[in-house]
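Values quoted throughout were computed directly from the atomic coordinates according to the rules given, and no laboratory measurement underlies them. Small disclaimer: the values here were computed from a predicted structure and weren't measured. Here Cβ is always computed from backbone atoms with ideal geometry, including for glycine, and neighbour counts include all displayed protein chains.
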Amino acid sequence: MSGTGTPSVAMSGAESSRASLGRVPSTWAQAVILSRYQLRDYLRSRRFVLMMSIVALVGVILTAVVAYFRPASLIDNSSDFYGGLWAGGASFVILFAGIIFGGDAIAGEFQNKTGYFLMGLPVQRTTVYTGKYLAALAASLVTLVVFLLIVVGNAAFYLGPGAFTNLAPLLASFVLALLYLLALLGFTFLFSSLFKTSLYAVLVVAVLFLFGFTIISSVATSLAHIEPWFLISYASSIIGYPLTGTPPHIAHIRSPFGGGTMTVYSPSIPEGIAIMAGYFLITSLLGLWLFEREEFT
Amino acid sequence: MTPSLEARSLTRRFGSFVALDHLDLKVEGAKCVGFLGPNGAGKTTTLKMFTDLIFPTSGEAFINGISVQNDRKRALSVCGDLIETPEIYPSLSPREALEMSGALRGMDHAEIRSRTEEVLEEVKMSDWVDKKIGRFSKGMKQRINIAASLLSDPEVVLLDEPSTGLDPRGMSEVRDIIRGLKKGRRLIFMSSHILSEVVDVCDEVALLDHGKLLFFDTLSNVTSSFAGGTPSVDLSFKAPISDADVERLIVPLPGVAGWSRLDPRRLAVKVAGGADGQSQLLEQLAGLRLGLVGFRESRSALEEVYLREISTGDS
Ligand SMILES: Nc1ncnc2c1ncn2[C@@H]1O[C@H](COP(=O)(O)OP(=O)(O)OP(=O)(O)O)[C@@H](O)[C@H]1O
Ligand SMILES: [Mg+2]
């Protein structure tokens, strides 16, 4: 614009496309728009490569173990096969996806100052939170589906057409895994919203899930003798039940460390669903409530 | 509708520190307002409350009569803003970033495409439209931020030191952009430390210090309020000039109210009598054939007023 021409950035009155009150899309429509660009950013990021490497690694290890041991119990029918490979791996993949895509989702907006760009737009805080949640969900789903394909590929190799004869249990298990993903992302988003620093958010969630909940769970069952129904990790064990069957609610097994028996609690599928849905609802509402009150200082 | 901005008793504390103290300010109509004040005066704090980035401790901010605190989405829908230096998702290109802001603002595809071209051309970033923003320099990112704030051709534009991080040409380009913006019916509210920029583009100025509004008036009222003072002019000569010559030849001239030396060839001379006094002095000096090569105001009137007001505020 230096030199001759008149700056054209100002549009003249009549044909102006001027932003007006009525034109801004609804809160939900904006969340979907935002999530599209956020997902694009995720899919191009190093963290997506990292996540895919984790999925590949898990896939390779499972494949190698089955190839080496060829456990008869697994390769005789598809439910056992999926119960062994999919169920355990899926919650692991979901946990990492939740941490990698959700851990810094909100904290990063503060830390990297990208939130300052978004919040300058006519959007509700809820829109930003929801849009980011949807994007993290989509990115996690991509990795989960890739993992599923690896498992199904293996099954097809060992079981041939038998891998596809009875898919309903696998589908049910996938739906439960999805519910776990929803709840886990709600949880990581809450912590991400709580700490404005990505590293803290990621660390707290990782430590809680990898150690914290295990410790709490064993304290609850073996010392307090109560069912750890309040733990999302406890509920997540139902993911495999459609494939392996639901174990008894309370089992007394001989302690591997000798001396006496140990009580082992297992949730029923409806109980697990209720716990995970509860986690999803409570953490999402709390996270949203928190984010509504957060300042971009 | 006439664009407007209003702060009603807008106050913000950080702990016990009062960053903004009961700001009452109403700006209305198509014009450009410069928002001045020393570092830490509370300019950014004010603008962040106008965009709902932070919340007031008390009071309220309105854009076009809509409370930002009650309905940020509606209030900001008419507003383009650039507060400090936000970042855009690094893996996006300018095209995608503008597409995202346009879509969130409810612009349609064709509109977004044509406006993207226009605003990127305006900030001289057309060649970078499909490159990743993450690899841009600070000034390039700021240009994209400026483009994004203008994308929807907003009625109200809030800018916090828009030329931060820009090179000298970039700064002059920003001035041109703002001058261009003024051609539309638009209210521009802009914080700045560059007084020459403010004199250049603003119609009105507000001065903030220690969270308090010192004045808000038209630029011409503010600068003429200084007419009572004695501005100083810088004189430069082609060869060194001795103190004796200054005392003998220059001091006796009408209007000269004192002088000091800047370097062997340059003097700062206080001149009474406003613009008339200055022009008389210049003519007389030219007649003396002292080898005068430069004659200009040491500081702009706005700068004088700024310094006077800030120093009385401090004492
Ligand atoms: N998050 C915060 N916590 C504590 N104090 C803050 C915070 N943000 C701003 N302040 C204080 O509020 C005051 C005003 O800050 P502000 O950023 O509004 O100043 P400014 O006028 O924009 O200054 P500058 O010209 O340097 O940009 C400063 O003293 C600053 O220290
Ligand atoms: Mg500032």
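What average number of partner chain Cβ atoms lie no more than 10 Å from the Cβ of the residues making up B:42-50?
Details: counts 0, 0, 1, 1, 0, 0, 5, 1, 0.
Mean partner shielding for this stretch: 1.
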Hey, what number do you get for chain B at 222 nm if only DSSP H runs of n ≥ 4 count, each worth -39500 (n - 2.57), divided across all residues, to the nearest 500?
-10000 deg cm²/dmol
Roughly how many Å is it from the Cα centre of the stretch B:45-73 to that of the stretch A:275-297, as a whole number?
23
Quote the Stokes-Einstein diffusion coefficient, in whole µm² s⁻¹, for chain B, based on the Kirkwood radius over alpha carbon pairs, a temperature of 25 °C and a viscosity of 0.890 mPa s.
112
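Based on the Cβ-Cβ distance from A:Ile216 to B:Glu60, what FRET efficiency comes out when R0 is 41 Å, to the nearest 0.05? Mind dumping the intermediate values first?
Numbers: r = 46 Å, r/R0 = 1.11.
Using R0 = 41 Å, I get an efficiency of 0.35.
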By per-residue mean of other Cβ atoms within 10 Å, what is the highest-first order of A:82-91, B:57-66?
A:82-91, B:57-66
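Hey, fewest Cβ within 10 Å first, where do A:Leu285, B:Leu207 land in order?
By the 10 Å Cβ count, ascending: A:Leu285, B:Leu207.
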Sorted by chain and number, the residues with a modelled amide H under 5 Å from that of B:Leu36, at a separation of 5 or more or across chains, are B:Ala206, B:Leu207, B:Leu208
Calculate the length of the line joining the C-alpha centroid of the stretch B:275-315 to that of the stretch A:153-194, in whole Å.
77
For chain B, built as a Gaussian network whose Cα springs stay under 10 Å, the top-fluctuating residue of B:Asp176, B:Asp108, B:Asp24:
B:Asp108
The stretch B:4-219 - charge dipole about Cα centre, Lys and Arg +1 at Cβ, Asp and Glu -1, debye rounded to 20
320
Taking Cα pairs closer than 8 Å and at least 6 residues apart, the relative contact order of the stretch A:75-140 in percent is 38
The stretch B:4-219: relative contact order from alpha carbon pairs under 8 Å, six or more residues apart, as a whole percent, is 29
Peptide B:86-98, shielding by other chains (average Cβ, 10 Å cutoff)
5
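Partner chain Cβ atoms within 10 Å, averaged over the residues of B:53-59 - can you pull that number for me? Present the calculation step by step, with values, prior to reporting the outcome.
Details: counts 8, 4, 3, 0, 0, 0, 0.
For peptide B:53-59, the averaged partner shielding equals 2.
So for the stretch A:146-297, averaging the separation of alpha carbon pairs under 8 Å that are six or more residues apart and normalising by length, what relative contact order in percent results? Write down the numbers at each step before the final one.
Values: 151 pairs, mean separation 45.6, N = 152.
Relative contact order comes out at 30 percent.
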Can you pull the one-decimal nm distance between simple spin-label points at B:Lys26 and B:Ala268, each 7 Å off the Cα toward Cβ?
4.1
Projected-area mean, chain A, by convex hull of Cα positions, square nanometres:
22.3
So which lysines can B:Lys48 reach, going by Cα to Cα under 27 Å and dropping same-chain residues fewer than 8 places off?
A:Lys113, A:Lys132, A:Lys196, B:Lys26, B:Lys31, B:Lys73, B:Lys138, B:Lys141, B:Lys182, B:Lys183, B:Lys212
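Using helices alone, I'd like the mean residue ellipticity at 222 nm for chain A: each DSSP H run of four-plus residues gives -39500 (n - 2.57), total over residue count, nearest 500. Please report the intermediate quantities before stating the final value.
Values: 12 runs with 182 residues, N = 297.
Estimated from H runs of four or more residues: -20000 deg cm²/dmol.
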Share of antiparallel DSSP beta bridges in the protein assembly as shown, in percent to the nearest 5?
70
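Just the number: Rg to Rh for the protein assembly as shown, Cα atoms, Kirkwood Rh, two decimals.
Using only Cα positions, Rg/Rh for the protein assembly as shown is 1.15.
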Using only Cα atoms, locate the centre of the stretch A:53-116 and the centre of the stretch B:129-203, then give the distance between them in Å, rounded to an integer.
47
Magnitude of the charge dipole, the stretch B:61-126, Cβ model with Lys/Arg +1 and Asp/Glu -1, debye to 20:
240
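Indicate, rounded to the nearest 5 percent, the antiparallel portion of the DSSP beta bridges found entirely in chain B. It would help to have the intermediate numbers written out before the result.
Numbers: 36 of 54 bridges.
Among the beta bridges of chain B, antiparallel pairing accounts for roughly 65 percent.
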